[in-house]
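Asker: Got a structure here, written out as structure tokens. Questions coming.
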């Protein structure tokens, strides 16, 4: 399929940036059941969260996510809990993309209130962060191996479920909550209007302390457009902007900035390849072309692209010297390497 997708892409600026770029050694290939997607692992590594990744666990970002939401983590081990939909097929279950759940704050609060007594009975502290993000303190679950939602999305769920000591305790608690939600008015109303019911919780991201700082390997002076759980890294940068355009960025370029462009992820997870192509074309117009122009006009000194799929990440480094390689034909072929 990659060849067909590349053939349909209209991205001459991206073709220039990747065909003429220097390519440093790539990250090792990820295992097919790696518990975080390569771009998430790369970003977690940049901010020094290496121990959990080396043990094939999800990034320990729960306390950073709590701080981002204005919460002060107490002592103990905290996990992220995402309300979710699990689809039961003939021979396996799959996790739907959490972005598509569109859970309102009122719906989430009602489901939270229904679930909390079961966590109280299990002596687990359950906290509401926002509509899509809750937190649970579970000190005795610290040995569980968990997966990010995006790593598990759309696949047979069995290899991605929490695994290790106390996994049975989690499953029993989770099953009790699922039973309580089965005929809940929130889910009845959602099904009546054609929305997916909220029938599961996704547990991951265990962390055990509040973070006063989270220094990057090479500190970022600015971060742009971080989304989802990766937005938890933003507050550790001096200049963190949740929204930004290429024009805004190139008018006042940072000394060392980090920009996340993840609009390709939802259509990829959903196998919506026409929308994926449309998203590539939008990125070309909104980002790749303006960034290439800024390099050509020497507004930017250097541009490094980290492009990933589900098992690998490849880096392309561009500067004024690489752009002078006019004899190299513009091509997207490197996307398939």
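Asker: Being more than 25 Å from residue 266 (Cβ to Cβ) and not in a helix (DSSP H, G or I): is that true of residue 195 here?
Answerer: no
Asker: While we're on this one: Output yes when any residue across the range 128-136 is modelled with pLDDT under 95 and either surrounded by fewer than 16 Cβ atoms within 10 Å (Cβ to Cβ) or in a loop (DSSP other than H, G, I, E, B) (or both), and no when none is.
Answerer: Start the filter on the range 128-136 by keeping residues that are modelled with pLDDT under 95, which leaves none.
No, that holds for no residue.
Asker: If you don't mind, another one. Would you say residue 235 is assigned to a helix (DSSP H, G or I), over 19 Å from residue 35 (Cα atoms) and either in contact (Cβ under 8 Å) with a residue 24 or more places away in the chain or not assigned by TED's automatic domain parsing to the domain that holds residue 116 (or both)?
Answerer: yes
Asker: While we're here: Pick out the one residue from 99, 155 that is more than 22 Å from residue 206 (Cβ to Cβ), modelled with pLDDT under 95 and buried (at least 16 other Cβ atoms within 10 Å of the Cβ). Reasoning before the result, please.
Answerer: On the way: 155 fails: more than 22 Å from residue 206 (Cβ to Cβ).
Sole residue among the options that is more than 22 Å from residue 206 (Cβ to Cβ), modelled with pLDDT under 95 and buried (at least 16 other Cβ atoms within 10 Å of the Cβ): 99.
Asker: Next question, about the same structure. For the range 319-330, give me the residue count where each residue is closer than 15 Å to residue 292 by Cα and either in contact (Cβ under 8 Å) with a residue 24 or more places away in the chain or not in a helix (DSSP H, G or I) (or both).
Answerer: 8
Asker: On to the next question. Out of the residues in the range 288-312 that are part of a strand (DSSP E or B) and surrounded by 19 or more Cβ atoms within 10 Å (Cβ to Cβ), state the one that is nearest to the chain's Cα centre (by Cα).
Answerer: Among those residues, the one meeting the criterion is 308.
Asker: A further question follows. Which of the residues belonging to the range 159-186 are in a helix (DSSP H, G or I) and either without any contact (Cβ under 8 Å) to a residue 40 or more places away in the chain or touching a strand residue (DSSP E or B) at 6+ places or on another chain (Cβ under 8 Å) (or both)?
Answerer: Selection gives 160, 167, 168, 170, 171, 172, 174, 175, 177, 178, 179.
Asker: Check whether at least one residue in the range 57-68 is surrounded by fewer than 16 Cβ atoms within 10 Å (Cβ to Cβ) and not assigned by TED's automatic domain parsing to the domain that holds residue 269, and report yes or no.
Answerer: Checked the range 57-68: no residue is surrounded by fewer than 16 Cβ atoms within 10 Å (Cβ to Cβ) and not assigned by TED's automatic domain parsing to the domain that holds residue 269.
Asker: Among the numbered criteria (1) in contact with a helix residue (DSSP H, G or I) (Cβ under 7 Å, 6 or more places away or on another chain); (2) surrounded by fewer than 21 Cβ atoms within 10 Å (Cβ to Cβ); (3) at pLDDT 95 or above, which single criterion is violated by residue 113?
Answerer: Only one criterion is unmet by residue 113, namely (1).
Asker: Tell me which of these residue 86 doesn't satisfy, since it passes every other one: (1) under 24 Å from residue 272 (Cα atoms); (2) not assigned by TED's automatic domain parsing to the domain that holds residue 200.
Answerer: Condition not satisfied by residue 86: (2).
Asker: Further, regarding this structure: If only one of 259, 283, 291, 265 is touching a strand residue (DSSP E or B) at 6+ places or on another chain (Cβ under 9 Å), closer than 28 Å to residue 332 by Cα and in contact (Cβ under 8 Å) with a residue 40 or more places away in the chain, which one is it?
Answerer: The unique qualifying residue is 291.
Asker: I would also like to ask the following. Can residue 254 be described as assigned to a loop (DSSP other than H, G, I, E, B), over 19 Å from the mean Cα position of the chain (by Cα) and more than 19 Å from residue 16 (Cβ to Cβ)?
Answerer: Working: assigned to a loop (DSSP other than H, G, I, E, B): yes; over 19 Å from the mean Cα position of the chain (by Cα): yes; more than 19 Å from residue 16 (Cβ to Cβ): yes.
So residue 254 passes the test.
The values are calculated or read from the model by the stated rules, or taken from the named source; none is laboratory data. Note that the coordinates shown come from a computational prediction; the quantities given were computed from them, not determined experimentally. Quick reminder, even Gly has a Cβ in these numbers, built from the backbone with ideal geometry, and neighbours come from all protein chains shown.
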